[in-house]
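Novice: Sharing a structure below in structure tokens format, with a few things to ask.
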Amino acid sequence: MKITIDLPEELIQHFKPDLLAREILEALVIQAYQTEKITHAEVGRILGLPSRWAIDAFLKQHLADLHYDEADLERDRTTLQQLRAKPTSSAS
């Protein structure tokens with residue numbers, strides 16, 4: 001989808017014209033992520049970021065907190081406990 005908007009010259013002068021479209025896209029993606037309109041994975045797909053690590057780095061660079069709450073922590077703890085409880089096979 002293409003959208004046309006009028007931006008004040010006072011604002012535009014602070015950006016490089018060839019990077020403006022990308023910066024607007026990134027700002028919109030950050031806003032959508034922070035307001036939980038899109039997911040971590042969608043951030044990566046929309047911006048063409050190659051890995052989870054690249055997405056995390058992008059979000060960190062733009063001071064966008066990762067969505068990780070107590071429920072996520074509890075799920076991670078449960079998974080870790082399950083992995084620790086699994087017997088390991090011994091190599092002979």
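Novice: On the basis of being more than 11 Å from the chain's Cα centre (by Cα) and surrounded by 10 or more Cβ atoms within 10 Å (Cβ to Cβ), does ASP76 make the cut?
Specialist: yes
Novice: Quick check: is even one residue across region 17-25 of a type outside the set (Phe, Trp, Tyr) and more than 23 Å from the chain's Cα centre (by Cα)?
Specialist: Scanning region 17-25 turns up at least one residue that is of a type outside the set (Phe, Trp, Tyr) and more than 23 Å from the chain's Cα centre (by Cα).
Novice: Among the listed residues LEU66, LEU7, identify the single one that is on the phi < 0 side of the Ramachandran plot and either among the small types (Gly, Ala, Ser) or under 11 Å from the mean Cα position of the chain (by Cα) (or both).
Specialist: The unique qualifying residue is LEU66.
Novice: I'm told GLU36 meets every condition in (1) in a helix (DSSP H, G or I); (2) touching a residue at least 24 places away in the same chain (Cβ under 8 Å); (3) surrounded by fewer than 10 Cβ atoms within 10 Å (Cβ to Cβ); (4) not small (Gly, Ala, Ser) except one. Can you identify the failing condition by its number?
Specialist: (1)
Novice: Just one of the numbered conditions (1) loosely packed, with under 10 Cβ neighbours inside 10 Å; (2) outside any loop (DSSP other than H, G, I, E, B) is not true of PRO50; which one?
Specialist: (2)
Each reported figure results from applying straightforward, stated rules to the coordinates on display, with no laboratory input. Being a predicted model, the structure only gives us computed values, none of them experimental. Ideal geometry is used to build each Cβ from the backbone, glycine not excepted, and the neighbour counts take in all protein chains shown.
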